[in-house]
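The values are calculated or read from the model by the stated rules, or taken from the named source; none is laboratory data. As the structure is a prediction and not an experimental result, all values here were calculated from the model. When we count neighbours, we look across all protein chains shown, and the Cβ atoms used for this are built from the backbone with ideal geometry, even at glycine.
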Amino acid sequence: MSKILIVEDEQAIAELEKDYLELNDFEVSIENNGVDGLNTALSGDFDLIILDLMLPGMDGFEICKKIREDKNIPIIMVSAKKDDIDKIRGLGLGADDYLTKPFSPSELVARVKAHMSRYKRLVGSHARENDIVEVRGIRIDKTARRITVNGVEKPFTTKEFDLLTFLAENPNRVFTKDELFKEIWDMDSIGDIATVTVHIKKIREKIEENSAKPQYIETIWGTGYRFKL
Ligand code: CA
């Protein structure tokens, strides 16, 4: 559950905001003065902060600046004065959004959701990504070892997976059955290279619309196979 900190000295407003946010499945904490607000913001594990401008102890300008030195979570600043909002914007303190009181709670919730999802996309994009090979509707997730064809997951055996991945990663090149056998089966090609033919046939049944007229793996007569890009 996403956690939100409200720093607001007017208890009735803070409670109203809290109620609406909780109705929308957010976990909400409230601080009523600037110093506690800053300390809680810095020590807690919040996903977003709603920060009032005029606060006892320390004002929202200062708090916003100090939070930004340490965290890049979304900050929505609120103020009773339109003039103050213009002033904050001008200062470039790093707030993500501004609301003038009185605002409707549903407006607040909408803004919170928008900033939260934008932030999560941003953070998520830095997460470690799977190693993906993608060619015309075929998506090979090498990390998860899963293959989807036009969005539909297909079951592949280990060798089928390795063979298709190898071909897809080396498109527009012709490989002989010997070469493929060595590459995938990892042993001298004394073995039965007909195995390659059998595996190509199985792979085609899974990825081609019509195995007789393959769009991905072409047969180069007398030579071998080529993955069309
Ligand atoms: Ca206030």
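Wholly within region 149-229, which strands (runs of 3 or more DSSP E) include no fewer than the required count, namely at least 1 residues that are surrounded by 16 or more Cβ atoms within 10 Å (Cβ to Cβ) and in contact with a Gly (Cβ under 8 Å, 6 or more places away or on another chain)?
Values: elements: 152-154, 174-176, 217-220, 224-227.
Hits in region 149-229: 174-176.
Looking only at region 69-83, decide whether some residue is closer than 17 Å to Y119 by Cα, away from the ligand (no atom under 16 Å from the Cβ) and buried (at least 21 other Cβ atoms within 10 Å of the Cβ).
Yes, there is a match, as at least one residue in region 69-83 is closer than 17 Å to Y119 by Cα, away from the ligand (no atom under 16 Å from the Cβ) and buried (at least 21 other Cβ atoms within 10 Å of the Cβ).
Only one of V109, V123, V78, V135 is closer than 20 Å to K3 by Cβ and in contact with a strand residue (DSSP E or B) (Cβ under 8 Å, 6 or more places away or on another chain). Can you tell me which?
Numbers: V109 fails: in contact with a strand residue (DSSP E or B) (Cβ under 8 Å, 6 or more places away or on another chain); V123 fails: in contact with a strand residue (DSSP E or B) (Cβ under 8 Å, 6 or more places away or on another chain); V135 fails: closer than 20 Å to K3 by Cβ.
When all the criteria are applied, what remains is V78.
Which one of the conditions (1) closer than 21 Å to L23 by Cα; (2) at pLDDT 90 or above does I138 fail to meet, given that it meets all the rest?
Status for I138: all satisfied but (1).
Out of everything in region 1-53 that is over 20 Å from V123 (Cα atoms) and polar (S, T, N, Q), what residue ends up being farthest from the ligand (Cβ to nearest atom)?
N24
Yes or no, residue by residue, for (1) in contact with a Cys (Cβ under 6 Å, 6 or more places away or on another chain); (2) at pLDDT below 90:
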{"position": "D47", "(1), (2)": "no, no"}
{"position": "I50", "(1), (2)": "no, no"}
{"position": "L55", "(1), (2)": "no, no"}
{"position": "D83", "(1), (2)": "no, yes"}
{"position": "D86", "(1), (2)": "no, yes"}
{"position": "L93", "(1), (2)": "yes, yes"}
{"position": "P102", "(1), (2)": "no, yes"}
{"position": "A110", "(1), (2)": "no, no"}
{"position": "R121", "(1), (2)": "no, yes"}
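Answer with yes or no whether M116 is crowded, with 16+ Cβ neighbours inside 10 Å, within 14 Å of the ligand (Cβ to nearest atom) and not basic (K, R).
Here the answer is no, as M116 does not meet what is asked.
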